[in-house]
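Colleague: Dropping the structure in here first, questions after.
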Amino acid sequence: MNDKDLLAKVERGEGLTVEEVIRFQQLVKPVKHIYGKYGTLAKQFLEEHRIGELLAMTDVPAFLHGIDRQADEMYDDLYEKLSKSERFKRTGDFLTDLRRQTELQHEIEQEILNELIYSL
């Protein structure tokens, strides 16, 4: 029996032998989705706090990849906006600039978490 016949047999709901089950599992490997930082955090938040909503979603991977895209866009927009602020302008002193840059990144991350992740 070739692979097409095996898949057709599964579609029809016919019983499979042990060997056929093993071949079928090799043919139909699950797709593992890899999410970015914020997609992973959103998934984790939904699993821990909103499992019903997660189970009700029809296309979870697309949703989580969308969260990653939104977070990237939001990061770029906020970085551009906040880096012009006097509070985050570079001074020429390495340690002061490093502290300001770290503070800017922390503020942007908190905004993304509040707007995209914890508001789900």
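The values are calculated or read from the model by the stated rules, or taken from the named source; none is laboratory data. Computed from a predicted structure; not experimentally measured. When we count neighbours, we look across all protein chains shown, and the Cβ atoms used for this are built from the backbone with ideal geometry, even at glycine.
Colleague: Is it the case that TYR38 is surrounded by 10 or more Cβ atoms within 10 Å (Cβ to Cβ) and in contact (Cβ under 8 Å) with a residue 60 or more places away in the chain?
Modeller: yes
Colleague: Residue check, LYS32 against (1) loosely packed, with under 11 Cβ neighbours inside 10 Å; (2) in contact (Cβ under 8 Å) with a residue 24 or more places away in the chain; (3) of a type in the set (Lys, Arg), all met but one. Which one?
Modeller: (2)
Colleague: Let me ask you something else. Checking GLY15 against (1) of a type in the set (Gly, Ala, Ser); (2) in a loop (DSSP other than H, G, I, E, B); (3) in contact (Cβ under 8 Å) with a residue 40 or more places away in the chain, which single condition isn't satisfied?
Modeller: So GLY15 meets the others, but not (3).
Colleague: Same structure, new question: I need the full set of residues from the range 25-40 which are more than 30 Å from ILE117 (Cβ to Cβ) and in contact with an Asp or Glu (Cβ under 9 Å, 6 or more places away or on another chain), in order please.
Modeller: LEU27
Colleague: Does ARG50 meet the test of being out of contact with any Phe, Trp or Tyr (no Cβ under 9 Å at 6 or more places or on another chain) and in contact (Cβ under 8 Å) with a residue 60 or more places away in the chain?
Modeller: Judged against the criteria, ARG50 is a match.
Colleague: For the range 55-71, check the following and say yes or no: at least one residue is in the same structural domain as ASP5 (by TED's automatic domain parsing), acidic (Asp, Glu), in contact (Cβ under 8 Å) with a residue 12 or more places away in the chain and assigned to a helix (DSSP H, G or I).
Modeller: No: zero hits.
Colleague: For the range 55-69, name all the residues that are buried (at least 16 other Cβ atoms within 10 Å of the Cβ) and in contact with a Phe, Trp or Tyr (Cβ under 9 Å, 6 or more places away or on another chain).
Modeller: LEU64, HIS65, ILE67, ASP68
Colleague: For the range 86-104, which positions are assigned to a helix (DSSP H, G or I) and free of Cβ contacts under 8 Å to residues at least 12 places away in the same chain?
Modeller: Scanning the range 86-104 gives GLU86, PHE94, LEU95, THR96, ASP97, LEU98, ARG99, THR102.
Colleague: May I ask you to list the residues in the range 72-85 that are under 19 Å from the mean Cα position of the chain (by Cα) and without any contact (Cβ under 8 Å) to a residue 40 or more places away in the chain?
Modeller: ASP72, GLU73, TYR75, ASP76, listed by residue number.
Colleague: Among what's in the range 42-54 and is out of contact with any helix residue (DSSP H, G or I) (no Cβ under 8 Å at 6 or more places or on another chain) and in a helix (DSSP H, G or I), pick the residue that is nearest to VAL31 (Cα to Cα).
Modeller: So, considering only residues that are out of contact with any helix residue (DSSP H, G or I) (no Cβ under 8 Å at 6 or more places or on another chain) and in a helix (DSSP H, G or I), the one nearest to VAL31 (Cα to Cα) is GLN44.
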